[in-house]
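Since the structure comes first, as structure tokens, the remarks are kept for the end.
The values are calculated or read from the model by the stated rules, or taken from the named source; none is laboratory data. These figures come from a predicted structure and were not determined experimentally. Here the Cβ positions follow ideal geometry from the backbone for every residue, glycine too, while neighbour counts run over all protein chains shown. These area figures cover heavy atoms from the full protein model, side chains too; ligands, DNA and RNA do not enter into them. Shrake-Rupley method; radii C 1.70, N 1.55, O 1.52, S 1.80 Å.
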Amino acid sequence: MRLDGRRESENVEDRRGGGFSGGKASLGIGGLIIGGLIVWLLGGNPMSFFMQQLSDGTPIENYTPTPEDEQATQFAKRILAGTEDVWTEVFRQNGRKYVPPKMVLFNQAVQSGCGSASSSTGPFYCSADQTVYIDLSFFKEMEQRLNAGGDFAYAYVIAHEVGHHVQYLLGTLEQVHNQQARSGKTESNRLSVRLELQADFYAGIWAHYDNQMFESLEDGDIEEGLNAASQIGDDRLQMQSQGYTVPDAFNHGTSAQRTRWLKKGYQSGNLSQGDTFSVDYSAL
């Protein structure tokens, strides 16, 4: 991707280690252990204590960013800025106002408005605080474990999570969550698939307009994104982990579905073509 000279979003909070503002004074790792022990002796939950300290600005361990970390941070900020520019314009064209999400960078663990999470959770969006959470080491995992490397592949991950924020602003997220609360497990999973495929579509919409506005895409970029979407399909991941698939347990969509909707968003640039809820489930 061509990102040189692009602005960086200011809606980013770095919680990866010491040096950031907010919350209580740092206890240090020794203080955290002692504090956790005291909480345990008093009948409390030490893990809740640790997560609270993290959310209040205290790192679990010392963290010094490497040049590679700094490069990834700059990249993430520029991609987030691109989503801000694109969705502000798309919403304006549709008579709406776009309110951008915040992004929190973390390592190991984080406390969000939706509860605590670890790096193993992967990037996620929390509607309770309208924030995208990401441990940037996930990009390394994409390259090394999922065979889904490339700058546009990483950008797609961020744009997908921002797609969930778009769903939140449009009211889709709340409607689906309400439906899921009244549904059985299989139907709830199918609703989740529809939600995730629409977020893939919105990532494609972002790519369409980002390229139109900034000429950001280079040869091979779209292929990187489609490969990433394919590598993280439910069917592929289930086959890799257990040797067989359980379609009723899918909650993000198959490789073919994810690539199809990402590509559709990119090629059309038309928000109205992203209705994944009216389509028969077998035709997604």
Hey, does the stretch 242-250 have a residue that's assigned to a helix (DSSP H, G or I) and in contact (Cβ under 8 Å) with a residue 60 or more places away in the chain?
yes
When both residues are 6+ apart or on different chains and their Cβ atoms are under 8 Å apart, which pairs have a first residue that lies in the stretch 257-284 and is under 17 Å from Leu173 (Cα atoms), and a second that is open to solvent by 80 Å² or more (accessible area, probe 1.4 Å)?
Leu271/Asn94
Within the stretch 194-212, can one find any residue that is free of Cβ contacts under 8 Å to residues at least 60 places away in the same chain, assigned to a helix (DSSP H, G or I) and either at positive phi or open to solvent by 40 Å² or more (accessible area, probe 1.4 Å) (or both)?
yes
Could you grab me the full set of residues in the stretch 220-241 that are among the aliphatic types (A, V, I, L, M) and in a helix (DSSP H, G or I)?
Ile222, Leu226, Ala228, Ala229, Leu237, Met239
Every residue from the stretch 181-192 that is outside any loop (DSSP other than H, G, I, E, B) and open to solvent by 40 Å² or more (accessible area, probe 1.4 Å):
Ala181, Lys185, Thr186, Glu187, Arg190
I'd like the full set of residues that are surrounded by fewer than 18 Cβ atoms within 10 Å (Cβ to Cβ) and either at pLDDT 95 or above or small (Gly, Ala, Ser) (or both), limited to the stretch 249-259.
Ala249, Ala256
Scanning the stretch 98-118 for residues that are of a type in the set (Ser, Thr, Tyr) and without any contact (Cβ under 8 Å) to a residue 24 or more places away in the chain, which turns out most open to solvent (accessible area, probe 1.4 Å)?
Ser118
Only one residue in Gly122, Gly95 is of a type outside the set (Phe, Trp, Tyr), open to solvent by less than 20 Å² (accessible area, probe 1.4 Å) and at positive phi. Which one?
Gly122
Please note which strands (runs of 3 or more DSSP E) are completely contained in the stretch 75-174 and include at least 3 residues that are within 23 Å of Arg194 (Cα to Cα).
124-126, 131-134
So for the stretch 162-171 (the condition being without any contact (Cβ under 8 Å) to a residue 40 or more places away in the chain, buried (at least 19 other Cβ atoms within 10 Å of the Cβ) and not hydrophobic (A, V, I, L, M, F, W, C)), does at least one residue qualify?
yes
